[in-house]
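*Asks:* Sharing a structure here in structure tokens format.
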Amino acid sequence: MIEMREVHKTYPNGVRALNGINIKIQKGEFVYVVGPSGAGKSTFIKMMYREEKPTTGLMLVNGMNVGTIKDTEVPMFRRNLGVIFQDFKLLPTLTVYENVAFAMEVIEEEPEVIQKRVMDVLNQVKIGHKANMKPNELSGGEQQRVAIARAIVNRPKVLIADEPTGNLDPETTWGIMDILKEISDTGTTIIMATHNREIVNTIKKRVIAIEKGRIVRDEARGEYGYED
Ligand code: ADP
Ligand code: ADP
């Protein structure tokens, strides 16, 4: 599903963000990516959705080689991926419903399919009752629910989450984790960069720890392992 072989990433300014990464992630796995600031977690995550490309090495996501995908092929590549961020990245002028529908409109789904699916997925993340509100009328946790709905509306094989609870209070955080667990239970692969020790140590999953651009730990039911 996801494979990296001897992946290196050097930014144009010469910073070596990743130095020889080798991993395999199978369908349906839930993986936390942990490590100190500047370790290379974001670079690792960004390569998964081809926001960055490896400098050298092989990287396969859903059977496509991230290093050689053409710009014109990126929309097709991203159809099988959902991405959520710490800051939600919702479109502020659109309603909740429209934010999620937009993700289906760009792949040219039929309007009848869109209407049904958008409400179904908003209900799944328990925000259907706020479909007509704008993002700024919602709490952080509610906005992240909308972002999750948008990310999964096209039924991606992989959900990528970059610090999804970084802006949320503890109680809201657990609600978001419940939703991610439900999505994981449907067979979606989830890769989540996080600094939340309590989550990693409580909801036990595979942990990949990155330090100075290298994987220093890869455990099936790992611990957070840092004091920060
Ligand atoms: P983390 O997410 O673990 O904090 P990053 O992947 O953001 O780590 O960063 C890894 C290293 O790459 C850091 O030294 C950072 O300063 C550098 N870096 C990240 N993005 C860029 C960029 N666009 N250009 C140059 N250097 C970058
Ligand atoms: P249900 O949840 O039973 O589908 P709703 O009253 O929520 O019923 O929605 C009725 C129809 O209108 C559905 O097809 C839904 O997809 C669509 N819909 C709901 N909210 C919006 C909205 N804000 N903008 C456009 N269409 C919407």
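The values are calculated or read from the model by the stated rules, or taken from the named source; none is laboratory data. Treat the numbers as computed from the prediction; the structure is a model and nothing was measured. Every residue, glycine as well, gets a Cβ built from its backbone with ideal geometry; the counts of neighbours run over all protein chains shown. Please note that ligands, DNA and RNA were not included when accessible areas were found on the heavy atoms of the full protein model with its side chains. Shrake-Rupley method; radii C 1.70, N 1.55, O 1.52, S 1.80 Å.
*Asks:* Could you tell me which residue out of PRO54, LEU91, GLY67 lies farthest along the dipole of the stretch 53-132 toward its positive end? Charges go on the beta carbon: Lys and Arg +1, Asp and Glu -1, centred on the Cα centre.
*Replies:* PRO54
*Asks:* Please state the relative contact order of the stretch 20-83 as a whole percent: Cα pairs under 8 Å, 6+ residues apart?
*Replies:* Numbers: 30 pairs, mean separation 13.9, N = 64.
Once normalised by length, the contact order is 22 percent.
*Asks:* Rounded to the nearest 0.05, what FRET efficiency do GLU73 and GLU227 have when you use their Cβ-Cβ distance and R0 = 41 Å? Mind dumping the intermediate values first?
*Replies:* Numbers: r = 43 Å, r/R0 = 1.04.
For R0 = 41 Å, the calculated efficiency reads 0.45.
*Asks:* Of all the accessible heavy-atom surface of the chain, with the other protein chains kept in place and a 1.4 Å probe, what percent is carbon and sulfur? Mind showing how you got there, number by number?
*Replies:* Numbers: 5320 of 11000 Å².
That share works out to 48 percent.
*Asks:* Now, a different point. Grab the Cα-Cα distance for TYR11 and GLU182, subtract it from 0.36 nm times how many residues apart they are, and report the gain in nm with one decimal.
*Replies:* Working: separation 171, 0.36 × 171 = 61.56 nm, distance 3.63 nm.
Length difference between fully extended and current span is 57.9 nm.
*Asks:* Okay, moving on. Taking Rh as the Kirkwood radius computed over C-alpha pairs, what is the Stokes-Einstein D of the stretch 134-183 at 4 °C in a medium of viscosity 1.567 mPa s, expressed in µm² per second? Intermediate results must be reported in sequence, preceding the final value.
*Replies:* Working: Rh = 11.4 Å.
In µm²/s, the coefficient rounds to 114.
*Asks:* Which of LYS9/LYS70; LYS24/LYS53; LYS27/LYS130; LYS70/LYS130 have a Cα-Cα distance over 27 Å?
*Replies:* Values: LYS9/LYS70 18 Å; LYS24/LYS53 18 Å; LYS27/LYS130 32 Å; LYS70/LYS130 38 Å.
Exceeds cut-off: LYS27/LYS130; LYS70/LYS130.
*Asks:* Before rounding to the nearest 500, sum -39500 (n - 2.57) across all DSSP H runs of length at least 4 in the chain and divide by the residue total; then give [θ] at 222 nm in deg cm²/dmol. Mind showing how you got there, number by number?
*Replies:* Numbers: 7 runs with 72 residues, N = 228.
Mean residue ellipticity, 222 nm, calculated: -9500 deg cm²/dmol.
*Asks:* With contacts defined as alpha carbon pairs under 8 Å and 6 or more residues apart, what's the relative contact order of the stretch 1-138 in percent?
*Replies:* In percent, rounded to a whole number, it is 20.
*Asks:* What lysines does LYS134 reach when the alpha-carbon gap must be under 17 Å and sequence neighbours fewer than 8 apart in one chain are set aside?
*Replies:* Filter leaves LYS89, LYS126.
*Asks:* Can you name the helices of the chain, as whole DSSP H runs, whose Cα span along the helix axis is 20 Å or more and whose Kyte-Doolittle mean is not below 0.0? Could you put the intermediate results ahead of the total?
*Replies:* Details: long enough: 170-185 (22 Å, -0.24).
Helices passing the filter in the chain: none found.
*Asks:* Could you compute Rg(Cα) / (2.2 N^0.38 Å) for the stretch 45-135, with N its residue count? Intermediate results must be reported in sequence, preceding the final value.
*Replies:* Working: Rg = 15.7 Å, N = 91, 2.2 N^0.38 = 12.2 Å.
So the stretch 45-135 has a normalised radius of gyration of 1.29.
*Asks:* Here is a follow-up. Indicate, rounded to the nearest 5 percent, the antiparallel portion of the DSSP beta bridges found entirely in the chain. Walk me through the intermediate numbers first.
*Replies:* Working: 19 of 37 bridges.
If I count the DSSP bridges inside the chain, around 50 percent turn out antiparallel.
*Asks:* Moving to a separate point now. When only C-alpha pairs under 8 Å and at least 6 residues apart count, what is the relative contact order of the stretch 71-226, in percent?
*Replies:* On the way: 213 pairs, mean separation 37.7, N = 156.
Rounded, it is 24 percent for the stretch 71-226.
*Asks:* Counting other Cβ atoms within 10 Å, keep those with at most 16, restrict to DSSP loop, and tell me which GluC sites (Glu not before Pro) in the stretch 153-228 are left.
*Replies:* Working: sites: GLU171, GLU182, GLU198, GLU211, GLU219, GLU223, GLU227; in loops: GLU223, GLU227.
Taking the stretch 153-228 and a limit of 16 other Cβ atoms within 10 Å, the loop GluC sites (Glu not before Pro) found are GLU223, GLU227.
*Asks:* Kindly sort LYS41, LYS212 by accessible area of their heavy atoms, largest first, with the probe set to 1.4 Å. Please report the intermediate quantities before stating the final value.
*Replies:* On the way: LYS41 20, LYS212 180 Å².
From most exposed to least exposed: LYS212, LYS41.
*Asks:* How large is the accessible surface per residue of the chain, computed with a 1.4 Å probe and reported in Å² as a whole number?
*Replies:* Values: 11000 Å² over 228 residues.
For the chain, the per-residue accessible area is 48 Å².
*Asks:* Then there is this: So how long is each side of the stretch 120-205 along the principal axes, counting just the alpha-carbon atoms, biggest first, in Å?
*Replies:* For the stretch 120-205, the Cα extents along the three principal axes come out at 37, 28, 17 Å.
*Asks:* Here is a further query. Set the Förster radius R0 to 30 Å, insert the Cβ-Cβ distance between ARG197 and ASN80 as r into 1/(1 + (r/R0)^6), and round the FRET efficiency to 0.05.
*Replies:* Values: r = 31 Å, r/R0 = 1.03.
Here the calculated transfer efficiency is 0.45.
*Asks:* Given 0.36 nm per residue, what is the gain on full extension from ASN167 to GLU110 after removing their alpha carbon distance, in nm? Mind dumping the intermediate values first?
*Replies:* Details: separation 57, 0.36 × 57 = 20.52 nm, distance 3.48 nm.
Gain on stretching ASN167 to GLU110: 17.0 nm.
*Asks:* Percentage of Cα-Cα pair distances in the chain greater than 32 Å, rounded to whole percent?
*Replies:* Roughly 18 percent, rounded to a whole number.
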